[in-house]
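Data first, discussion second: the structure below is written as structure tokens.
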Amino acid sequence: MDGELDFPLHGSSLQLVKHSGVALDYILKVKFGCVASFDGVHFENETSFSLKNKPIAPEKRCEFNISSGVTLSVWKGDLTAFPADAVVNAANGCLQHHGGLARALSDAGGPRIHQESSAYIKKHGPLTTGEAVALGAGLLQNKMIIHAVGPELSIKPTQKEVEQAGPLLKMAIRSILDIVQKHRLVNVAIPAISSGLFHYPVRECAETIVSAVKNYYESSSGQKHFPKEVCLVNHDDPTVREIERACRQMFSPHQTRSYSQATASMPSLPVQTGKIRLTLKKGNIEEQKTDVIVNTASQDRSLCIGQISKAIFRKAGPEMQKEISEAVKTNYIICTKPYGLQCKQVFHTFCPDKRSHKASAQILHASVLDCLWTAVTNKHKSIAFPAIGTGALGFSKRESAMIMLDAVAGFSHECPCDLDVHFVIYPSDYGTFQAFQEQITLSQESPSHHNFSLGQTSAAAEAEARIGSHTSRAPTPLIVLHGPTEESTREAAKWLSNHLSLSSRSVEICNNFIQHFSEKNHLQLSKMVEAGVSIEEFFVQGHACITVDSESKEDTAIAALRVEEMLCKIQEQFIDEEKYELQLLSNKEVSIRREMADLSDPMFSGRKRAFCDGGLRIIKVEKIKNPALNELFEQKTKQLQCSRIEKMFQRIPAQFCEVILNIGFHAEFAPPEDPAYGEGIYFTNTPKTAMKIWRRYDDEYLYFVEAGVLIGKSAPGERGLILPPVGQNPNIRYDSVHGGTDVAVIFSGYQALPRFIYTCRRK
């Protein structure tokens, strides 16, 4: 990620974050794409709603038959909406459902879940590790929830600790299956208990659970009740993949090889991705003959620290140490001469220890990117990387592989010229070589998997930062924002400042997704009203708004965050549904490429004058490519028989920049100040007119999308139109409406194709 910013917390803002940190984290991700790390903050029981994603339709990945006749299946799905007789909750011993899956099930099932759990603990006392109990499912569609207590490990468990936890996790699975037998259930849905918040490594967790289920039914006598199906259900792809891998390895090792088996026989052939040709091979990094060799150096620049640095130093000679000691660091690397090496340059990276630096994963990712960009800028044709981070820096072999491959995959979309990238693994380091092979295999088998590492790794780093804050309080509590761009990070910080300032007892939220509130959402609002918060919904000039008011500024802020959280969930659901439809209609995977455009290009001279006339200065321009949207735009062009494509502009809020580039234009994203020409999607001929049409947005930066727009046959617009009007002659059908010569309104998002996004500031 390119943008990082510290947001200090004091007094009332700190108290608010203690209550609603998880909600803030979720909102910042959805609105601005930012990851938040909380330093020096001790979280209390949060009052915000569950932050689970919207229920997704269960997707069966595979199934296997156990000899007793029980089917074991692997699913990607949401346990709060999974159709089984019982769902299993990964609980703590006191059945306090404050986070993760437990909280999601508790929120979805209503207050009865908490009431029954509290009553059980009061009567029977806490559960011990390995125990399980069946209680009511509240509002859920299931007959019961089975609360099971798995082992809790330290943040970075040792191999011995994992081995000791194995029997306890198996005991928890047996307790669950005993309950299934006792209540004669047809099926049960079990998640990866103890992974996530309890820190059981996902791979070992998957293998333990699958073997426990298999052994339970294969060793049971025929007198017992057997369920029809045991469903292993998780909502995130990495866990689902590990569960599936464990099942295939255990049930059909001859038919389906595991990743490790598959990659063991893989030759080190180059893999082409964009203009990058990636080669994984065994060898000594200091012996490579590529144009560039990458070194991973210590923070104090001593080449005598670390195995890779020592090897390079021995072959290069003492002059390299002298140069690196005196050199000026640029971004994340220092470039030196090769001296005794057979390359043209050496790039020295300085990634911090994962255990002591909250953003180490992001820095490793950025370091690899910096090396790649510097290589092509200096017109090098090849570069060799060691496995950075797997030694003293504390990254696992898999984490290092995921982060480095993700950086290369991301760079491949923007690389302007051919580049050979070599990952060189020390010959005897089989584990690291295997980890890189597995990730390369995974990315080839799943084409959409090119962005597989940083999100998981930064999420892990973020979790560690939070948990670590309980034991080592930072001198000044703060939120560290990591965003995809400097602009997005600053927008997130401004939004945070507005919402944490507690400057007023009344907050107004304007967001047209308010119109998508469900009965459940309105029930949640009603509960806030019962708690003493005033909620008023209103609609004015095309803008849906909510006013939150309370006697306490803190209560107002907490309630406002709840509303923002609800809106983010609705937005995510809307995007998922639109992506699905877009993929269905275009028969193409929804993906975008953002390429930085050169403002000195003559094609932008007229545009720069147009923005200048609007009182704006262009900071940067990005070219947008979205094959799925392009396909539907072409279909719409043929359907309307429209040969003329207008170049038009729409000003959009920071929150919806990425959304529009993914799924196109919708009226909800950028309603005009006054929809005087209809309830459609507005465009203007110039940025100056756009500034008049969209005046409400208070972002630090101003964002404009330039689109190709199919106007077709156009009629004058009028207030309240939801479709183009029908003329007196029924054979004449209008495709759009207009407001004078400067404004066009369409009613189908596929009539416009985003081509460029401009980031501006006022002059």
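FYI, it's all coordinate maths here, none of it is from the lab. Computed from a predicted model, the values in this text were never measured in an experiment. Reconstructed Cβ throughout: ideal geometry from the backbone, glycine too, with neighbour counts over all protein chains shown.
Given R₀ = 45 Å, FRET efficiency for residue 417-residue 59 by Cβ-Cβ distance, to 0.05? Intermediate results must be reported in sequence, preceding the final value.
Values: r = 40 Å, r/R0 = 0.89.
Here the calculated transfer efficiency is 0.65.
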Q) With each run of n ≥ 4 DSSP H residues scored as -39500 (n - 2.57), what mean residue ellipticity at 222 nm is computed for the chain after dividing by its residue count and rounding to the nearest 500 deg cm²/dmol? A) -12500 deg cm²/dmol
(Q) Between the range 499-526 and the range 315-348, how far is it from one alpha carbon centroid to the other, in angstrom? (A) 56
Q. Where the centre of each part is set by its Cα atoms, how far does the range 624-656 sit from the range 126-155, in angstrom?
A. 50
Q) What is the gain in length, in nm to one decimal, between residue 733 and residue 584 on full extension, counting 0.36 nm per residue of separation less the C-alpha to C-alpha distance? A) 50.9 nm
**Q.** Whole-Å distance, taken between Cα centres, linking the range 701-763 and the range 387-431
**A.** 46
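Filter the cross-link list 527/588; 122/170; 281/379; 123/214; 182/520 down to pairs whose alpha-carbon distance in this structure exceeds 31 Å. Please list the in-between numbers first.
Details: 527/588 43 Å; 122/170 27 Å; 281/379 24 Å; 123/214 34 Å; 182/520 34 Å.
Pairs exceeding the cut-off: 527/588; 123/214; 182/520.
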Q: State, to one decimal in nm, how far the label point of residue 503 lies from the label point of residue 755, with both points 7 Å from Cα in the Cβ direction.
A: 4.0
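Rank by packing, highest mean first: peptides 605-618, 518-531, with packing defined as the count of other Cβ atoms within 10 Å averaged across residues. Could you put the intermediate results ahead of the total?
Values: 605-618: 16.0, 518-531: 12.8.
Listed from highest to lowest mean packing, they are 605-618, 518-531.
Taking neighbour counts of Cβ atoms within 10 Å as a proxy for exposure, in what order, fewest first, do 82, 574, 539 appear? Before the final figure, lay out each step's value.
Working: 82 21, 574 18, 539 11.
Neighbour counts put them in this order, fewest first: 539, 574, 82.
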Q | Mean separation of Cα contacts under 8 Å, 6 or more apart, over the residue count of the chain: relative contact order % | A | 13
Q: Could you check the simple spin-label distance between residue 593 and residue 181, using points 7 Å along Cα→Cβ, in nm with one decimal?
A: 5.8
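If you average the sequence gap of Cα pairs under 8 Å that are 6 or more apart and divide by the length of the range 590-762, what percent do you get for the contact order?
Values: 372 pairs, mean separation 52.5, N = 173.
Answer for the range 590-762 is 30 percent.
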(Q) Over the range 374-438, what is the relative contact order in percent, taking alpha-carbon pairs closer than 8 angstrom and at least six residues apart? (A) 47
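Which whole DSSP H helices in the chain pass both tests: a Cα extent of 15 Å or more along the axis and a mean Kyte-Doolittle value no lower than -0.5?
Details: long enough: 11-32 (26 Å, 0.48); 111-124 (20 Å, -1.39); 159-182 (35 Å, -0.05); 202-218 (24 Å, -0.19); 237-251 (21 Å, -0.81); 360-377 (25 Å, 1.01); 397-412 (22 Å, 0.44); 430-445 (22 Å, -0.57); 454-468 (20 Å, 0.00); 486-500 (21 Å, -1.17); 519-530 (16 Å, -1.01); 553-586 (48 Å, -0.34); 627-640 (20 Å, -0.83).
Span-like helices in the chain: 11-32, 159-182, 202-218, 360-377, 397-412, 454-468, 553-586.
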Q | Out-of-range pairs (alpha-carbon distance over 19 Å; input 625/688; 692/763; 608/647) | A | 625/688
Q. Once the piece of chain linking residue 156 and residue 620 is laid out straight, how much longer is it, given 0.36 nm per residue of separation minus the C-alpha distance between them?
A. 162.9 nm
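Within the range 686-763, list the GluC sites (Glu not before Pro) lying in a DSSP loop whose Cβ has at most 15 other Cβ atoms in a 10 Å radius. Don't skip to the end; give the middle numbers.
Working: sites: 700, 706, 718; in loops: 700, 718.
Those satisfying the criteria are 700, 718.
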Q: Kindly identify the chain as rounded, prolate or oblate by the Cα gyration tensor criterion: order the square roots of the eigenvalues as a ≥ b ≥ c, call it rounded if a/c is under 1.5, otherwise compare a/b with b/c, prolate if a/b is larger, else oblate.
A: oblate
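Could you give the length gained on full extension between residue 122 and residue 742, defined as 0.36 nm per residue of separation minus the Cα-Cα distance, in nm? Intermediate results must be reported in sequence, preceding the final value.
Numbers: separation 620, 0.36 × 620 = 223.20 nm, distance 6.92 nm.
That works out to 216.3 nm of additional length.
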Q. Tell me, what ³J(HN,Hα) does each residue in the range 680-694 have, in order and in whole Hz, if you take phi through Karplus 6.51 cos²θ - 1.76 cosθ + 1.60 with θ = phi - 60° and put x for Gly and Pro?
A. x, 9, 9, 9, 10, 6, 9, x, 4, 5, 4, 5, 7, 6, 10
Q: With a point put 7 Å past each Cα toward its Cβ, work out how far residue 225 is from residue 314 in nm, to one decimal.
A: 6.7
**Q.** Ranking of 603, 320 by count of other Cβ atoms within 10 Å, fewest first
**A.** 603, 320
